[in-house]
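The values are calculated or read from the model by the stated rules, or taken from the named source; none is laboratory data. Here the structure is a predicted model, which is why all the values come from computation and not from measurement. Here the Cβ positions follow ideal geometry from the backbone for every residue, glycine too, while neighbour counts run over all protein chains shown.
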Amino acid sequence: MSHDSAWYEIRLQGQLHPRWASWFDGLTVTSSTDGTTVIHGRVADQAALHGVLQKLRDIGLPLLSVAQIDPDPATHTSGD
Amino acid sequence: MVNPLVETKLYLPRNRSGLVSRPRLDDHLLRRDNVRLTLISAPAGFGKTTLASAWLAERPRPAWVSLEESDQQAASFWMYVLTALERAAPGVAEGALVLLQSGQAPIEAVLAGVLNELSVQPDDLDLVLDDYHLADGPEIRPGMTFLVEHLPPQVHMLISTRADPALPLARLRARGELVEIRAADLRFTVDEATVYLNELTGLDLDAEAIATLEGRTEGWIAALRLAALSLQGRDDAAAFIDGFAGDDRYVVDYLLDEVLDLQPDDVRRFLLETSVVDRLTGPLCDAVTGQPGGKAMLESLERQNLFVVPLDDHRRWYRYHHLFADVLRTHLLDERGDVAELHRRAGRWYEKAGETVAAVRHALASGDVEHAADLVELAAPELRRERQEATLRRWIDDIPDELVRHRPVLAIGFVGALMSSNEFEGVEQRLSDVERMLAGPPGELVVVDREEVQRLPGAIETYRAALALASGDPAGTIEHAALALDRAADSDRLTTAAASALSGLASWAGGDLEHAHRGYTAAAQDLQSIGHLADVLGCSITLADLETTQGHLRQAQRTFEHALDLGRGLRGTADMYVGLSRIAWERNDLDAAGNYLRLSEEMGAGLPQNPYRWRVALARIREAEGDPAGACDLLDAAERVYVGDFSPNVRPIAALRARVQAARGDLPAARDWVRRQGLSADDELSYLREYEHVTLARILIAEGARTDAVRLLGRLESAAEAGGRTGTVIEVLVLRAIAQGDVQPLERALTLAEPEDYVRTFIAEGSPMSSLLASLGRRRPDWAYPRRLLDAGRVAAPPAAAQPGLVDPLSDRELDVLRLLVSELDGPSIARELVVSLNTVRTHTKHIYAKLGVNNRRSAVRRAHQLNLLTR
């Protein structure tokens, strides 16, 4: 497991308003029409990732998946 | 106070009238048989706090703690938990709080004291830890596991949390000791939602509308509350519900938008702006919003049920419901560019209120690290004085190193914080950085606390002396301490006192008692000159200890008496009485020795070492009274509360216990101790192990190995004599006289001991000593001292007393229980000892407390001593 920064994609049940991006320290918040939301972007390390997950826990949104993704953001902006 | 105890965290929230009654959950909560822990684990907004507080309000002895992130620090967490227990059952945590504040006792020792008290509490007690997820972490886990595993049956714990705690839940579950209430249990059913929406909120919705709402919110009460707020005063309820049901948005986002849109502009603005603070009060809100009327606004929000939770009964402090606060903050971040300014205003308000911890947090949140650094620098001296270095330690990670590089005073403050949390790595680097700063051009330095600058050269060397001590380098310690004394500013008595004490401490551990005495004397004088009287008392303990070892018993007595003259109310007074008890004991005045211990008890909390010293002193008295078993129990108890307080452990409790065991003929136990310590008669001698080696000599004599004993004693005698340790010399001579059956060493011992009036060191040796004293008396009939000792040794044990001063005397059985309450046995062990059930012990305890007019174990023991109920 890497301790350096990496790109992550977190999928949630429910549509989250884009203004939450600043709450998640600038990660991109993208809602889809299927009623889910994807939060993605670069997190500094594992501790930062856990910080994001804790924030999600604190607003009570059900988590669907967490995955490390390709660092190239261009391939992950299709939903924008 | 930089970081005062936040009273609102111990406040049991009062629930609004009009709660939905939920009997199916009450059934879970009321199941108490065998259940240690109830866990309410569910996401935000599921009504955990409401459920827990409604339940606790009905319990006879409620203890409540609302945890916060700062409680991830063990010191803070346990301070609140113990204070809550102490308030629920006065006296149960009194001793534990003292031990905790010493910052040196292992948490198990702190908790063992509380558990012992709790285990004999006659009444049930319930402890709720709310928002446990905020505090959960590696720092508090070991103590929590210990606490949960050892909870006595009359104590029940409830944890409410958003994430399952890292406690041995599987084990508790398997034993049937855990009740769990989870999100699925907490969801409002359609029936409960109907009661809530129609009966309590008065919405009058039809069954289909309620079913739709329940389905869309999945019974999440936070969402149902928002829905109710959005629906109030609306004529198009059905349309609203349809729109809501057909939307995929995050429920709280959707509903909160609706509710915020319904609010007048000033309310909406107030909600967003004040969401930056954790706790709300009128004046703070006024400062943040820049508008008057905060208090009225908060009361109006409370009346309308708009997100606020009252934190006291006076309408003074509130907080936003955590879930809504998070959402309000996202709106704030999204809509406003002046969030930093809001934090800045909040920080200024806390700064004026003197609450530096909160002020620093907001300064950091506003991005003004420079100002945060200013605040930390100014707060450091007070935090040090209040032994809150852990707070200071946390800020090291928050303030960029780049800033610290130009701030010598702040840098030294951080060094102190690191050292007090036993982090020595990199400290020397920081110290040389400060030296470099001071040598460089002063224009580049940032100093807020000008007064402190002149202290730095002395402080740097003092910390180096402490570093050397920590790395086991006494010579280095003494060297740096001398430099510190040289470089300290004349007026800086605090630094010279610290340097002198460090030098004294290093000499003490090295066995140079004279130099040690000089160091502590200088430290005590400096401390007295600047009014740090409690610390003078701390030095007095060491001074008298040194004097006793040097055989200056009268001087030791004067040291304690002089310290008492500084003021009887000082923290440490209790310790002085324990010291005087020790001297009265040596004089064989056991009544006075007991009285001093009673006085000590009445003074309440003492310095960190007092809990163990008090027990050791009582153990000595017990042994002198002919109760070696009682003495051993007390020594076990003393060991559990032992705190080194940076002093060398020159008289280990285990060695004293081995002496008691050897004296009562339990040689296998004494020998076992010798083996564990790896002691032998041919060891190289050092002052630090002197007490242990004298103990070994005693054991050898008891075992009949006289030759080995005499050889060891001869070497001990030379070493002690060379080090000027006359107290040790006297004891060694006494033992040699007994081992050799020779009056000559005894004669020397008596000559050394007579001016100081030693008694117990002689008569404790019993009949072998009596015959030696008798034969010496025949040879030198003119010498009164040996005759007096002989008479003192003949006095019989004191007779059992009646029970004066008690209207309703204790029964024999109650006296049995009382005697065990004096020990450190817990409730179940007392029950085992008396072969009765725990409930019987509790009943007896209840009667004992009632008859003695006390409400806890500690006071019962104190009262028993006062009334002399324990003399056998």
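Quick rundown of the values:
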quantity: Test: residue in the range A:2-10 that is within 22 Å of B:Val339 (Cα to Cα), modelled with pLDDT of 90 or more and away from chain B (no Cβ under 11 Å); calculated: no
quantity: Failed item, numbered, when B:Leu167 is tested on (1) aliphatic (A, V, I, L, M); (2) within 47 Å of the chain's Cα centre (by Cα); (3) more than 14 Å from every other protein chain (Cβ to nearest Cβ); (4) not in a loop (DSSP other than H, G, I, E, B); calculated: (4)
quantity: Residue ranges of helices (runs of 4 or more DSSP H) in the range B:548-647 with at least 1 members farther than 20 Å from B:Val861 by Cβ and touching a Gly at 6+ places or on another chain (Cβ under 6 Å); calculated: B:553-565
quantity: Set B:Leu392, B:Leu403: member being in a helix (DSSP H, G or I), in contact with a helix residue (DSSP H, G or I) (Cβ under 9 Å, 6 or more places away or on another chain), modelled with pLDDT under 90 and outside the structural domain of B:Ala75 (by TED's automatic domain parsing); calculated: B:Leu392
quantity: Any chance A:Gly14 is away from every other protein chain (no Cβ under 13 Å), on the phi > 0 side of the Ramachandran plot and surrounded by 14 or more Cβ atoms within 10 Å (Cβ to Cβ); calculated: no
quantity: The range B:312-324 - residue that is buried (at least 21 other Cβ atoms within 10 Å of the Cβ) and not hydroxyl-bearing (Ser, Thr, Tyr) and, of those, nearest to the other protein chains (Cβ to nearest Cβ); calculated: B:Leu323
quantity: B:Glu351 being away from chain A (no Cβ under 14 Å), part of a helix (DSSP H, G or I), over 18 Å from B:Pro400 (Cβ atoms) and under 29 Å from the mean Cα position of the chain (by Cα); calculated: yes
quantity: Output for the range B:264-281, where each listed residue is more than 14 Å from chain A (Cβ to nearest Cβ), surrounded by fewer than 23 Cβ atoms within 10 Å (Cβ to Cβ) and among the aliphatic types (A, V, I, L, M); calculated: B:Val267
quantity: Residue that is modelled with the lowest pLDDT [pool: residues in the range B:648-683 that are part of a loop (DSSP other than H, G, I, E, B) and closer than 17 Å to B:Thr549 by Cβ]; calculated: B:Pro648
quantity: Conditions (1) assigned to a helix (DSSP H, G or I); (2) without any contact (Cβ under 8 Å) to a residue 40 or more places away in the chain; (3) over 26 Å from B:Gly510 (Cα atoms): number failed by B:Ala702; calculated: (2)
quantity: Matching entry among B:Arg384, B:Arg345, B:Arg315 (being at pLDDT 95 or above and in contact with a helix residue (DSSP H, G or I) (Cβ under 7 Å, 6 or more places away or on another chain)); calculated: B:Arg345
quantity: The listed residue being modelled with pLDDT of 90 or more, surrounded by fewer than 17 Cβ atoms within 10 Å (Cβ to Cβ), touching an Asp or Glu at 6+ places or on another chain (Cβ under 9 Å) and basic (Lys, Arg), out of B:Arg162, B:Arg141, B:Arg171; calculated: B:Arg171
quantity: Condition broken by B:Leu378, with the remaining ones in (1) out of contact with any strand residue (DSSP E or B) (no Cβ under 8 Å at 6 or more places or on another chain); (2) within 14 Å of chain A (Cβ to nearest Cβ) satisfied; calculated: (2)
quantity: Considering residues of the range B:491-526 that are of a type in the set (Asp, Glu) and not in a loop (DSSP other than H, G, I, E, B) only, the residue surrounded by the fewest Cβ atoms within 10 Å (Cβ to Cβ); calculated: B:Glu514
quantity: Count of the range B:431-490 residues which are more than 12 Å from B:Leu502 (Cβ to Cβ) and hydroxyl-bearing (Ser, Thr, Tyr); calculated: 2
quantity: Residue among B:Ala669, B:Ala662, B:Ala654, B:Ala624 that alone is surrounded by 21 or more Cβ atoms within 10 Å (Cβ to Cβ) and touching a helix residue (DSSP H, G or I) at 6+ places or on another chain (Cβ under 7 Å); calculated: B:Ala662
quantity: Restricting the range B:756-784 to residues that are more than 26 Å from B:Ala697 (Cα to Cα) and part of a helix (DSSP H, G or I), the residue that is nearest to the chain's Cα centre (by Cα); calculated: B:Ala784
quantity: Test for B:Arg171: is it among the charged types (D, E, K, R) and in contact with a helix residue (DSSP H, G or I) (Cβ under 7 Å, 6 or more places away or on another chain); calculated: no
quantity: All positions within the range B:557-596 that are of a type in the set (S, T, N, Q) and free of Cβ contacts under 8 Å to residues at least 60 places away in the same chain; calculated: B:Gln557, B:Thr559, B:Thr573, B:Ser581, B:Asn595
quantity: Number of positions in the range B:98-117 that are in contact (Cβ under 8 Å) with a residue 60 or more places away in the chain and within 24 Å of B:Tyr11 (Cβ to Cβ); calculated: 2
quantity: B:Thr462, sole failed condition from (1) farther than 17 Å from B:Ala488 by Cβ; (2) within 32 Å of the chain's Cα centre (by Cα); (3) modelled with pLDDT of 90 or more; calculated: (1)
quantity: Pick from the range A:33-58, criterion surrounded by fewer than 13 Cβ atoms within 10 Å (Cβ to Cβ) and facing chain B (nearest Cβ under 9 Å), ranking: nearest to B:Tyr132 (Cα to Cα); calculated: A:Gln54
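Residue-by-condition table, conditions (1) of a type outside the set (Gly, Ala, Ser); (2) under 41 Å from the mean Cα position of the chain (by Cα); (3) under 24 Å from A:Gly26 (Cβ atoms):
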position: B:Arg279; (1), (2), (3): yes, yes, no
position: B:Trp317; (1), (2), (3): yes, yes, no
position: B:Gly337; (1), (2), (3): no, no, yes
position: B:Ala346; (1), (2), (3): no, yes, yes
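For every residue, the table says whether it meets (1) within 26 Å of the chain's Cα centre (by Cα); (2) more than 14 Å from every other protein chain (Cβ to nearest Cβ); (3) within 17 Å of B:Val155 (Cα to Cα).
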| residue | (1), (2), (3) |
| --- | --- |
| B:Asn34 | no, yes, yes |
| B:Thr38 | yes, yes, yes |
| B:Leu51 | no, yes, no |
| B:Ala74 | yes, yes, no |
